[in-house]
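Taking it in order: structure first as structure tokens, then the write-up.
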Amino acid sequence: MSTALASALLPALPRPGEALARLHRRWPLPALAAWSLAWALFVALRGSTAPLWLAVALATAAGALLALPSSTQMRRLLVAGGFPLSLAASGAAAALPGWAWLLPLALLALAYPLRAWQDAPWFPTPSGALDQLAELAPLPAGAAVLDAGCGAGHGLAALRRAYPEARLEGTEWSRPLAWAARLRCPWARVRRGDLWQQSWSSFSLVYLFQRPESLPRAVAKASAELAPGDWLASLEFPAVELVPQGIGRAEDGRPVWLYRHPFVRSVPAPDADTLRRLGSSRPPRGR
Ligand SMILES: C[S@@+](CC[C@H](N)C(=O)[O-])C[C@H]1O[C@@H](n2cnc3c(N)ncnc32)[C@H](O)[C@@H]1O
């Protein structure tokens, strides 16, 4: 193929991440495709010399990986669970020992290491949830934006809709989710790591979709590391100790809380003594 013909045709071809995202909007096609692929892999492996346990493990892992980009938790469960459940019902793996059915749990532990549960398990940001952000928290072109705990990249995709000219980065503790985010968002820099260990000082906006319990820690980190004028954004859960500078609305009505550094406190910043007591089992009195 000549270079001219290739460059004319290539832009028309969807990139792998885009093709996957498009497939996942056509429910139940992604489930049918994932189950068929997992079964095809199982049958192919059984036709080779692979032992039964390996065929089951690899086909289950393939189904779980294909489930990651699904838009809701329920769909993810359906896509990932289809192969092992239909296998159990078919009796094709009757020779497997009972403990082998713990495999899905082991895969879940791989996808969701314990640390990821401490802040928030994986719930993705809906695609248009951050559309009001650029108006409420304007950023210059090329500004660096972080999705802290970026999951499979849904938040990064929503941030890109809001800030198409920003430099987008994501940090994710779960390895499979970080891989999925790289696939979904080839235009973003996704690193696998702990959002609390990474410095936020180079970012103009840090976006979070974590548990309410994580927000005081996020406020303390953002207060120490962001520069005046930078933003902290949180989907759904407010930082109760701060006064928001703006509140956006996701299309499903959930609030997007926006705080600009230097933050305005609604309650006094905790002193060292209070911080020590917060670290103990009982919160300080009067809160
Ligand atoms: C509610 S999900 C949000 C995902 C993504 N930000 C979005 O909005 O679509 C929270 C994500 O944070 C990740 N996470 C939790 N604790 C983390 C930590 N300490 N470091 C990095 N990622 C973490 C979880 O694995 C999960 O994928």
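FYI, it's all coordinate maths here, none of it is from the lab. Computed from a predicted model, the values in this text were never measured in an experiment. All Cβ positions, even for glycine, are placed from backbone atoms using ideal geometry, and neighbour counts span all protein chains on display.
Taking other Cβ within 10 Å of each residue's Cβ, how do F42, F237 sort, fewest first?
Numbers: F42 23, F237 19.
Fewest-to-most Cβ neighbours within 10 Å comes out as F237, F42.
Set the Förster distance to 35 Å, then compute FRET efficiency between R25 and A220 from the Cβ-Cβ distance, nearest 0.05.
Working: r = 39 Å, r/R0 = 1.11.
Working from the Cβ atoms, E equals 0.35.
Give me the one-decimal nm value for the distance between modelled label points at L77 and A106, 7 Å along each residue's Cα-to-Cβ direction.
2.4
Which order do L29, L139, L102, L177 fall in if you start with the one that has the fewest other Cβ atoms within 10 Å?
Exposure proxy ranking, most exposed first: L102, L29, L139, L177.
Using Cβ counts within 10 Å as a stand-in for footprinting exposure, how do Y163, Y207 rank, fewest first?
Values: Y163 23, Y207 29.
So the residues, fewest neighbours to most, are Y163, Y207.
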